[in-house]
1. Hey, could you check region 76-94 for residues that are among the polar types (S, T, N, Q) and within 18 Å of Ala123 (Cβ to Cβ) and say which is surrounded by the fewest Cβ atoms within 10 Å (Cβ to Cβ)?
2. Give the residue, chosen from Ala153, Ala125, Ala113, that is open to solvent by less than 40 Å² (accessible area, probe 1.4 Å) and touching a residue at least 60 places away in the same chain (Cβ under 8 Å).
3. If you scan region 55-74, which residues turn out to be surrounded by fewer than 24 Cβ atoms within 10 Å (Cβ to Cβ) and either more than 14 Å from Leu145 (Cα to Cα) or of a type outside the set (Ser, Thr, Tyr) (or both)?
Amino acid sequence: MAQITAALVKELREKSGAGMMDCKKALSENDGDLESAVDWLRKNGLAAAAKKAGRVAAEGLVAVATSGTKGAAVEVNAETDFVSRNEKFQSFVKAVAELSLNAGGDVEALSSAAFPGESGTVAEALTNRIATIGEHMSLRRTAALEVKQGVVASYIHNQTADGLGKIGVLVALESAGDAAKLEAFGKQVAMHIAATNPLALDRSAVDASALERERDIIADQARASGKPEEIIGKMVEGRLRKYYEEVCLLEQNYVIDGENTVGKAVELFAKDLGTAVALTGFVRFQLGEGIEKKEEDFAAEVAATLGN
């Protein structure tokens with residue numbers, strides 16, 4: 001049997017991203033052959049991860065990437081927050097974010113894109129990470145913004161590494177103005193979006209079903225308070241104006257200055273810049289939003305593991 005040295009284990013760990021004991025076992029099972037050990041880790045890792053495929057993956061990372069007039073965001077999920085601190089996972093997510101600049105916001109197109117430095121696709125590269133890291137993971141979503149002239153600015157909140165974190169925001173600014181100034185202003189707007197979580201850019205972009213639901217709630221509340229029908233209509237319209245101020249980005253109070261709406265802040269910035277500026281879109285990804293997390297009964301899980 002070949003001698004399994006610490007240097008050989010270290011080399012396999014760097015190559016595969018697997019844990020030390022798993023690497024040592026893989027080398028022992030394959031008589032110290034590095035490539036065979038990598039294959040062994042992948043096969044055994046996939047088998048173990050397959051058992052976890054039904055588990056909720058709500059942790060992981062959000063990433064953003066920008067290139068002049070283009071920007072994109074991705075969310076890649078894993079089961080535990082520990083994985084988000086794994087350098088191999090981080091480098092994978094960062095690479096996927098760069099690829100997403102050319103995927104047009106289509107997660108299927110992104111999944112089938114060739115992954116740099118490897119022979120397969122993004123989906124296959126993700127499968128390899130599942131095998132070595134040993135957790136269920138998924139490329140959940142991607143979105144893209146583009147302007148004809150101007151910039152797409154970005155901001156990451158709770159940053160784990162450059163371009164990676166828990167909340168990622170993109171802001172599209174259409175303008176012929178100075179790119180550096182547009183970038184700086186766009187980042188401020190992106191910080192505002194991270195804090196306030198608007199639902200739409202303006203009134204025309206508010207989801208019709210959400211608006212109707214809000215209208216019904218306001219009307220029902222007014223009726224419950226005994227208000228006559230002729231008053232209810234005016235109350236609904238008044239409350240809807242307030243609703244728009246809460247959910248529409250351009251009507252929100254701009255948290256950076258605390259005085260103007262975001263729309264007014266854009267106007268003032270354009271005046272200082274000396275040219276027109278239009279805020280044409282935004283993207284906000286928050287890690288795990290909308291994923292229903294299961295409450296784990298750890299005592300029961302340990303008992304089950306022990307066969308009790």
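The values are calculated or read from the model by the stated rules, or taken from the named source; none is laboratory data. Note that the structure is a prediction, hence the values are computed from the model and not measured. Cβ sites come from the backbone with ideal geometry, for glycine too, and all protein chains shown count toward neighbours. What goes into the accessible areas is simple: the full protein's heavy atoms, side chains included, and nothing from ligands, DNA or RNA. Shrake-Rupley method; radii C 1.70, N 1.55, O 1.52, S 1.80 Å.
1. Among those residues, the one meeting the criterion is Ser91.
2. Ala153
3. Hits for region 55-74 are Arg55, Val56, Ala57, Ala58, Glu59, Ala65, Gly68, Lys70.
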